[in-house]
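**Student:** Sharing a structure, written as structure tokens. Questions coming.
The values are calculated or read from the model by the stated rules, or taken from the named source; none is laboratory data. These numbers were taken from a predicted model, which means no experiment stands behind them. Neighbour counts are summed over all protein chains in view; Cβ atoms, including those assigned to glycine, are modelled from backbone coordinates with ideal geometry. Note: areas computed on protein heavy atoms with side chains; ligands, DNA, RNA excluded. Shrake-Rupley method; radii C 1.70, N 1.55, O 1.52, S 1.80 Å.
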Amino acid sequence: MSAAAKPLDGTEPSGPDASSKAPSRAGEAPPAVPTHIGIIMDGNGRWAAARGQPRVMGHRAGAEAVRRTIEAAARAGVGWLTLFAFSSENWHRPADEVRDLTGLMRMYLRSEVGALAKEGIRLRVIGERERFGPETVRAIAAAESATAAGTRLNLNVAVSYGGRGEIVAAAREVARRVAAGTLDANSLDEATFGRLLSTSGMPDPDLIIRTSGEQRISNFLLWQSAYAEFVFQDVLWPDYDQEHLTAAIAEFARRERRYGLRLA
Ligand code: IPE
Ligand code: IPE
Ligand code: MG
């Protein structure tokens, strides 16, 4: 992302800073609907295997679930939705699966861009998009600009994304600026560092959902999820629908968020 080009002089509007906001929010009843939901969409392969089908069929069905979930999130009044579609580690899967996933992604971008724009959904892609090659990079850029006016829901799709890689890239940029004399190392704080990440200017996720029964983060939004609530749902991603999202949001609303403080 272009975060690296942004000035580190503190003049730009500061992004959300969970640590500084935490004390005033601790103990407050959480809003019924999270501002930002992140979803680790897992279980496509197992869904296909259970039907005796090739994995690609699971990924195709997963794309349908993406459609349903975006619409459900917009209807629920969620402001931000970040979908983990392809991790930096997923490059190490067999070449035919990587090819299938890349092809599906491109097809999805092209077929959905009109509907997204019409529905007021603003799409952004985070992660190392360049690794997918020029055709995909073009499709991503076209989808981002065609949906740029959307205000109903901010949709991030994380592709070739890894939380550790993102943090290292930001650290590299810090080192560069310190070496160039444009940043004083002692003035670096969490808000400044956060603005060097691909989620610069976006609120941190309040709720992270993972489907398929696995209970791990798999390198998703490591920095941003410091105080997120986690909900693990025992449903394979291609079966995900509005009811599952509603249930996850209801579970979120029951949580007591403390941000390290004492409530009594
Ligand atoms: C999630 O489904 C999609 C991606 C990670 C690209 P998987 O492909 O991981 O499906 P399982 O976990 O093998 O069932
Ligand atoms: C995480 O799922 C990545 C995405 C959902 C895109 P994986 O299936 O790749 O994660 P692991 O291998 O189970 O940790
Ligand atoms: Mg998986």
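**Student:** Mind checking which residues of the stretch 159-215 are more than 18 Å from the chain's Cα centre (by Cα), part of a loop (DSSP other than H, G, I, E, B) and not acidic (Asp, Glu)?
**Tutor:** Scanning the stretch 159-215 gives 181, 182, 183, 188, 213.
**Student:** Considering only the stretch 56-88, how many residues are more than 9 Å from ligand 1 (Cβ to nearest atom) and not in a loop (DSSP other than H, G, I, E, B)? Break it down into steps so the answer makes sense when it comes.
**Tutor:** Applying the first criterion (more than 9 Å from ligand 1 (Cβ to nearest atom)) to the stretch 56-88 yields 56-57, 60-61, 63-83, 88.
Still in the running and not in a loop (DSSP other than H, G, I, E, B): 56-57, 60-61, 63-76, 80-83, 88.
The qualifying residues number 23.
**Student:** Which ones in the stretch 124-143 are surrounded by 16 or more Cβ atoms within 10 Å (Cβ to Cβ), free of Cβ contacts under 8 Å to residues at least 40 places away in the same chain and not polar (S, T, N, Q)? Break it down into steps so the answer makes sense when it comes.
**Tutor:** Just the residues of the stretch 124-143 that are surrounded by 16 or more Cβ atoms within 10 Å (Cβ to Cβ), to begin with: 124-129, 132, 136, 139-140, 143.
So of that shortlist, the ones also free of Cβ contacts under 8 Å to residues at least 40 places away in the same chain come out as 124-125, 129, 132, 136, 139-140, 143.
Listed by number, the residues that qualify are 124, 125, 129, 132, 139, 140, 143.
**Student:** If you don't mind, there's one more thing I want to ask. Picking from 183, 196, 236, which residue would you name as being within 16 Å of ligand 2 (Cβ to nearest atom) and in contact (Cβ under 8 Å) with a residue 40 or more places away in the chain?
**Tutor:** Values: 183 fails: within 16 Å of ligand 2 (Cβ to nearest atom); 196 fails: within 16 Å of ligand 2 (Cβ to nearest atom).
Checking each option against the conditions leaves just 236.
**Student:** Looking at the stretch 219-262 only, could you name the residues that are in a helix (DSSP H, G or I) and within 17 Å of the chain's Cα centre (by Cα)?
**Tutor:** Keep residues of the stretch 219-262 that are in a helix (DSSP H, G or I), which gives 237-239, 242-254.
Within the stretch 219-262, 237, 245, 248, 249 meet the criteria.
**Student:** Kindly provide the set of residues from the stretch 167-191 that are in contact with a Gly (Cβ under 8 Å, 6 or more places away or on another chain) and closer than 30 Å to residue 133 by Cβ, ordered by number.
**Tutor:** Answer for the stretch 167-191, where residues must be in contact with a Gly (Cβ under 8 Å, 6 or more places away or on another chain) and closer than 30 Å to residue 133 by Cβ: there is none.
**Student:** On to the next question. Going by the conditions given, is residue 113 within 16 Å of ligand 1 (Cβ to nearest atom) and either acidic (Asp, Glu) or under 23 Å from residue 68 (Cβ atoms) (or both)?
**Tutor:** Numbers: within 16 Å of ligand 1 (Cβ to nearest atom): no; either acidic (Asp, Glu) or under 23 Å from residue 68 (Cβ atoms) (or both): yes.
So residue 113 fails the test.
**Student:** Restricting attention to the stretch 181-212, which residues are aliphatic (A, V, I, L, M) and either in contact with a Phe, Trp or Tyr (Cβ under 9 Å, 6 or more places away or on another chain) or within 16 Å of ligand 1 (Cβ to nearest atom) (or both)? Give the derivation first.
**Tutor:** Restricting attention to the stretch 181-212, the residues satisfying the condition of being aliphatic (A, V, I, L, M) are 183, 185, 188, 191, 196-197, 202, 207-209.
Passing the criteria: 197, 202, 207, 208, 209.
**Student:** Also, I was wondering about something else. Consider only pairs whose beta carbons are under 7 Å apart and that are at least six residues apart or on different chains; among these, list those whose first residue lies in the stretch 32-55 and is closer than 17 Å to residue 240 by Cβ and part of a loop (DSSP other than H, G, I, E, B) and whose second residue is more than 13 Å from ligand 3 (Cβ to nearest atom) and of a type outside the set (Ser, Thr, Tyr).
**Tutor:** Here the result reads 34/78; 34/206; 34/207; 34/249; 34/252; 41/83, each pair linking the stretch 32-55 to a residue that is more than 13 Å from ligand 3 (Cβ to nearest atom) and of a type outside the set (Ser, Thr, Tyr).
**Student:** Is there a residue in the stretch 110-128 that is assigned to a helix (DSSP H, G or I) and within 16 Å of ligand 2 (Cβ to nearest atom)? Steps first, answer last, please.
**Tutor:** Filtering the stretch 110-128 down to residues assigned to a helix (DSSP H, G or I) leaves 110-118.
Now narrow it down to the ones that are within 16 Å of ligand 2 (Cβ to nearest atom): none.
No: the stretch 110-128 contains no residue that is assigned to a helix (DSSP H, G or I) and within 16 Å of ligand 2 (Cβ to nearest atom).
**Student:** Give the residues of the stretch 91-104 that are more than 16 Å from ligand 3 (Cβ to nearest atom) and open to solvent by 30 Å² or more (accessible area, probe 1.4 Å), sorted by residue number.
**Tutor:** If we filter the stretch 91-104 for residues that are more than 16 Å from ligand 3 (Cβ to nearest atom), which is where we start, we get 95-96, 99, 102-103.
Within the stretch 91-104, 95, 96, 99 qualify.
**Student:** I've got another one for you. Based on what the data block shows, is residue 44 more than 18 Å from residue 162 (Cα to Cα), within 12 Å of ligand 2 (Cβ to nearest atom) and open to solvent by less than 70 Å² (accessible area, probe 1.4 Å)? Show your work before the answer.
**Tutor:** Details: more than 18 Å from residue 162 (Cα to Cα): yes; within 12 Å of ligand 2 (Cβ to nearest atom): yes; open to solvent by less than 70 Å² (accessible area, probe 1.4 Å): yes.
Answer is yes for this residue.
**Student:** Out of the stretch 67-90, which residues are within 16 Å of ligand 3 (Cβ to nearest atom), open to solvent by 30 Å² or more (accessible area, probe 1.4 Å) and within 11 Å of the chain's Cα centre (by Cα)?
**Tutor:** 85
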